[in-house]
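Everything below concerns the one structure shown next.
The values are calculated or read from the model by the stated rules, or taken from the named source; none is laboratory data. This structure is a prediction, so every number in the text was calculated from the model and none was measured. Cβ placement follows ideal geometry from the backbone for every residue including glycine, while neighbour counts extend to all protein chains displayed. These area figures cover heavy atoms from the full protein model, side chains too; ligands, DNA and RNA do not enter into them. Shrake-Rupley method; radii C 1.70, N 1.55, O 1.52, S 1.80 Å.
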Amino acid sequence: MKRTVRTRFVLMALLLTASILPNLGFEVNTFGFYWNFYRAAVFLVTLLTLILFRGEIRITERGSFLGWMGLLTAWIVYGGILFVASPYTDKSRGFLELFSILCGLLVFFGFSGFEVTDREIEWLLRIVFFLLAGLVLLGYYEILTANHLSTSMFMDTENYVAARVDPHTAAGIMYNVNDFSAILTMMCPVVIGRFRIHCRRCFLDLGWILVLGVLMINRINDANICNAALLFGVLLYLLVIVSKDRRKIGRVLMGLAGLLLVLVGLYLAMGSSGGGIVARWQDQMDYMSVGGGSLHARFLIYRDALVAGFRTGFLGLGPAGFPVYCKQTYTESWFVNPHSFIMEIYSQYGIIICLAFLFLVGLLFRRMYRLYRYGTTEAVRSHGLIGITMAAVYLIVSFAPSSFIMNAYPWALLALLCLIWEHDKCLMEVPVTDRSRGFRTSIHGRPAYEQK
């Protein structure tokens, strides 16, 4: 029994690690298809799960996983139809997009079938924490030495864009600097949610150091959207704490003021030769007035994505169809990708898939809030804070990379939140109103969806 439980945990830990470290600096080419650590691990874990635990999988009893797996299955089927029928589909890249969504489905399957213990949940969160620490160290190594992994854009001799990017930036285990900043920012909520736990002082201090380290890497990478997402996540974290205990408002205001001072000082101290964040913002406004600048280009590409969805009757352009659409249709923006996960889904897979995705993210946010508000233990409330912050950061960070669908880590982090919910939902004390007596009572130890 112990070996069985340990095997399940090892498979989930492997899946989580592979999703955060998809390349590990190498790729294997088989007949034109590249296998990396993530793709190999997803299919290995799926195969071992089906062989070793064939009669023990209980997906139908776990509602949060069913919703996501149902959406991804419908997404793949509908994307396959558009793949064949749409004139805008890029067959090569479109196949890779559908394959990435399939890998996301298998990630949810790998997390969904088994019960986990409190200790295993904590260890999965620790894995994210220590991987974040390692990636931050890798980022600073790249910034200081200008040495990069073979899978980064700086080692791609055919990429002209890399020649215009400062080599003293961090691409880490990703291809470009924006993607690396995005994954660091997405992992930070695991650290932020632990600030409330009474643990060793060094662990808490290391958490703050990691968050500040990510802020600095994002600034060096010029990933301002990622820093905005991280700031918003911390702000939401503080507001949620105040909503439960108003006596902490003074402490919360001090924490927020300190964060703002650090962030403003960081941007002023590490500003460009133009004078920092104020000058950079003024430059963007000046560029917009003459129809230039990256901010102006983003607004134009979002407009083009909205128009593209409308022209297809909100059915979508098909897998990897937006770049093809931009090449065939006149666009004022010099971007060819949506630069937003939401716009990417809407323009390529239609409004129904997009709304279903947003609904599930919102539902997950609500469930995490209930864990924090009604959790009976400090650990459960901490898990709720992690989920609240991560769901909020997720939506904003998705505006940073040029394309988000083919990234591995978003699926694993969402699956981890679903796993936390399924484990912790029985550890809530939800107040209900006894209408016959006119006062509030509590129901302890029952899932929220069973409350009447």
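Using the structure shown, decide if ILE173 is open to solvent by less than 50 Å² (accessible area, probe 1.4 Å) and either modelled with pLDDT of 85 or more or more than 19 Å from MET390 (Cβ to Cβ) (or both). Yes: the conditions hold for ILE173.
Taking residues in the range 109-120 that are of a type in the set (Gly, Ala, Ser), and partners anywhere that are part of a loop (DSSP other than H, G, I, E, B) and buried (at least 19 other Cβ atoms within 10 Å of the Cβ), the pairs with Cβ atoms closer than 8 Å and at least 6 places apart or on different chains are SER112/ARG62. Mind listing whichever residues of the range 402-435 are at pLDDT 90 or above and small (Gly, Ala, Ser)? Residues satisfying the conditions are ALA412, ALA415. Does at least one position in the range 106-125 carry a residue that is farther than 29 Å from GLU378 by Cα and open to solvent by less than 10 Å² (accessible area, probe 1.4 Å)? Within the range 106-125 (the criterion being farther than 29 Å from GLU378 by Cα and open to solvent by less than 10 Å² (accessible area, probe 1.4 Å)), the answer is no, since none of the residues qualifies. Name the residues in the range 374-396 that are of a type in the set (Phe, Trp, Tyr) and open to solvent by 10 Å² or more (accessible area, probe 1.4 Å), would you? Scanning the range 374-396 gives a single hit, TYR374. Scanning the range 31-64 for residues that are at pLDDT 75 or above, open to solvent by 40 Å² or more (accessible area, probe 1.4 Å) and not in a helix (DSSP H, G or I) gives TYR34, TRP35.
Of all residues in the range 323-335, none satisfies being on the phi < 0 side of the Ramachandran plot, touching a Pro at 6+ places or on another chain (Cβ under 7 Å) and either charged (D, E, K, R) or buried (at least 22 other Cβ atoms within 10 Å of the Cβ) (or both).
Each residue in the range 135-151 was checked for being at pLDDT below 90 and either among the hydrophobic types (A, V, I, L, M, F, W, C) or under 23 Å from the mean Cα position of the chain (by Cα) (or both), and 3 of them qualify.
Among the residues of the range 83-91, at least one is among the basic types (Lys, Arg) and either part of a helix (DSSP H, G or I) or open to solvent by less than 20 Å² (accessible area, probe 1.4 Å) (or both).
Just so you know, in the range 133-150 the residues that are out of contact with any helix residue (DSSP H, G or I) (no Cβ under 7 Å at 6 or more places or on another chain) and in a helix (DSSP H, G or I) include one that is surrounded by the most Cβ atoms within 10 Å (Cβ to Cβ), and it is GLU142.
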